[in-house]
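Below you'll find the structure, written out as structure tokens, and then a few comments.
The values are calculated or read from the model by the stated rules, or taken from the named source; none is laboratory data. Predicted model, so just to flag it, every value in this text is computed and none were measured. All Cβ positions, glycine included, derive from the backbone under ideal geometry; neighbour counts span all protein chains shown. With ligands, DNA and RNA removed, areas are computed over all heavy atoms of the protein, side chains included. Shrake-Rupley method; radii C 1.70, N 1.55, O 1.52, S 1.80 Å.
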Amino acid sequence: MLSVDIEKLYPAAKTLVKAHAASRIHAKDATLYDFSADAQACAEKYMGWADLASQPQCSLDEVRAFADEAVASGIDTVILIGQGGSTQAPMTITKYNKQDKNRVSFKTLDSDSPVRVREMLTGCDPEKTLVIISSKSGSTIEPRMLLEAVRASFDKTLGENTVKHLVAVTDPGSDLEAQARAEGWCAVFPGEPTVGGRFSALSIFGLLPAALAGIDLDAFMAHAVEAEEACSEDAIDNPAINLAAFLYDNYLKGRNKFSFLTPKRGRVLGLWIEQLVAESLGKEGQGILPNIEIDSLLLTEDPGDRSIIMYQTKTDLWDESRNFEMSLAYIDNAIPRLNYRIDSVEELAEHFVMWEYAIAMCGYLMQVCPFDQPDVASAKAEVTEILKNGQPDPHFTEVFTESVDMGRVEVTFAPMFAGCEDLHETLYALLSSIQPGDFFALNAFLPFTGEGRREAIETIRHGVAESFNVVSCLEVGPRYLHSTGQLQKGGPNMGVYLILSADELKDIPLPEGAAAASLGDLAKAQAAGDLITLAKRGRRCVHLHLPDNSGVTLRLLAQVVEDVIADILTDRALAEAAAIAEDEELAEATAVVETAAASEAAVAGEFSDAAEDADAEGEVVEAPAETGAAAAEEADV
């Protein structure tokens, strides 16, 4: 059962109990969000998630039967194509369970990268592969384009039988449902329209992948039911209330970010939490940023803008456990912390419920609607415009390396950086704008596999984090557009963004009539659209489109960034030294002036004393003379 190591009771917990927030959420009472007519109207449409554990919207028996039949027919690989909430919970469930042996190889495809797509397709046999396309609306551009690429590959082997390997998970009435039924796909599973994507972990979107992986759905849902009962109770020991109060009260104190610390196995849960928190609360100038990368040495002294949420997970490796414990050993105890533990994949269900209830309560406390994502839609509109009318011109291009010509980088930036004429100057302007309390995000539309790629990207992220002592996030495009992208655009203006994309050495073309000519073109349009949307909101952002995404090119870019950071730190050190010297000179000058003033005062004091003495002597001489004259006059008389 859910348990938490909590240091104290936070005041907002009493507020939530008094407002009956937990029971009202369970009852789907949208008036909880009556602080805004729009928020209440949105809540009326999207609170179906609140009782999914006790009232599943799909038949567990039917889902289990389909999964068992698929595996019995020889399916040994499942590829899930989707984006945002349709993939995050399945990825968490199946990757967490992988160490306990999924009964199929489960792969999640939510990347535009041709490198990633080829890697995934090369590792599977179409005859033994089931492809799930998950999209609530059925019209999200990434799943539609990825489906086209996968079908083109499968058709080479399966021909007309490709459709027998396709499964649709989508809301009733969507274009995807119509297509699947018209073409005779293997199966169509309807979603629940009142359940939003990021709250859909316990819906068919999460349960079908769980069943295919071989997870016991009855045990999984039993844990969820127990958590739902605990989290819907208006009590001070409600775990969701405690989590919501922890996040909100620390937010009020300026701790608008939290570091998510866990051993390797639990990090995939961080991806799900990241989307839920950032997309639900990051709007109307407010927001709480989850930082799921581990930079624990940056927390040896309390930076003042962070709290910590720590998850212990089951691991059979002593060294991994010890390594994680050592990473926590030097963290400042002044930083507020919550500690959780998960020992089985079934217990994930409890934490899905707890976090969903807690974030819904945070929305109530922060007075923002936790169920919409207005800035995600605005970014989509920009991408559609670019695909229709073509890429905008960059501000300039240049060969970005001195030692070797790796090709030209295209540089585009927000209006605040107008006047920058080369890459070094542009990156200097971007990174030097980072102030205490800000965060840095590397929004990368790049493959993370292959020699040197991930390492180079992490070099940039770590370099910024360590040099400026700020939260530094690595966001995978286009995934983040449906996750932290909402907070980046709708939350507080505390982010600094470096967007990366690259030409593809071997792009994957899409069929004639598709929204984009190729997957590479789609990724570049999304990166450009993200910059436009961020810039319109006054965010500090730069987009670099690289000549290719090879490991060596990314390493050279990392070197350029390192050089820029070194220059910034040197200039800051020189400026600080100059300021200290100026202060010292001022202090010396002040001391001289004060000494001179004191000397003048002393001299003036001496002259004043002498004058007073002289006046006093004059008075003594004159007085007797006057007395003698008077006496003579009297004698004459």
Discussion item. Using only the alpha-carbon atoms, how far is helix 519-536 inclined from the longest principal axis of the chain? Give it as 0 to 90 degrees, nearest 10.
Written reply: 30 degrees
Discussion item. From the mean inverse distance of alpha carbon pairs (Kirkwood) and the Cα radius of gyration, derive Rg over Rh for the range 238-366.
Written reply: 0.95
Practice prompt. Whenever you get a sec, compute what percent of the accessible area on the range 256-385 sits on carbon and sulfur atoms (1.4 Å probe).
Written response: 48 percent
Worksheet item: Excluding residue 369 itself, what net charge comes from residues whose Cβ is under 14 Å from its Cβ, given Lys and Arg +1 and Asp and Glu -1?
Response: -4
Discussion item. As an exercise, identify the trypsin sites (Lys or Arg not before Pro) in the range 23-105 lying in DSSP coil whose Cβ has no more than 13 other Cβ atoms within 10 Å.
Written reply: 101
Fill in: Solvent-accessible heavy-atom area per residue, rounded to whole Å², over the range 1-92 at 1.4 Å
44 Å²
Response to the item:
Projected convex hull area of the range 443-499, Cα atoms, direction-averaged, in nm², equals 4.0 nm²
Worksheet item: If you find the alpha carbon centre of the range 552-576 and of the range 6-50, how far apart are they in angstrom?
Response: 47 Å
Fill in: Exceeding the 32 Å Cα-Cα cut-off - candidates 28/98; 136/536; 253/380; 8/28
28/98; 253/380
Worksheet item: Using a 1.4 Å probe on the protein chains only, how many percent of the accessible area of the range 1-141 belongs to carbon and sulfur?
Response: 47 percent
Worksheet entry | Shape parameters for the range 143-298, alpha-carbon atoms, Rg then Dmax in Å | 20.2, 60
Worksheet item: So how tilted is helix 60-72 from the main axis of the chain? Cα-based, degrees 0 to 90, rounded to 10.
Response: 70 degrees
Worksheet item: Using a 1.4 Å probe, what is the accessible area per residue for the range 133-292, in Å²?
Response: 30 Å²
Discussion item. Using a probe radius of 1.4 Å on heavy atoms only, what accessible surface per residue do you get for the range 466-564? Whole Å² is fine.
Written reply: 28 Å²
Fill in: Rounded tilt (10° steps) of 551-636 against the dominant C-alpha axis of the chain
20 degrees
Discussion item. Where in the chain is the longest stretch that carries no GluC sites (Glu not before Pro) classed as loop by DSSP and with at most 14 other Cβ atoms within 10 Å?
Written reply: 8-300
Item to complete: Quantify, in whole percent, the carbon and sulfur part of the accessible surface of the range 487-549 (1.4 Å probe; protein heavy atoms only).
Response: 52 percent
Worksheet, complete the sentence: The Kirkwood hydrodynamic radius of the chain, taken as the inverse of the mean 1/r over all distinct Cα pairs, in Å, comes to 27.4 Å
Response to the item:
Across all Cα atoms of the range 329-410, Rg and the largest Cα-Cα distance (Dmax), in Å, are 23.3, 55
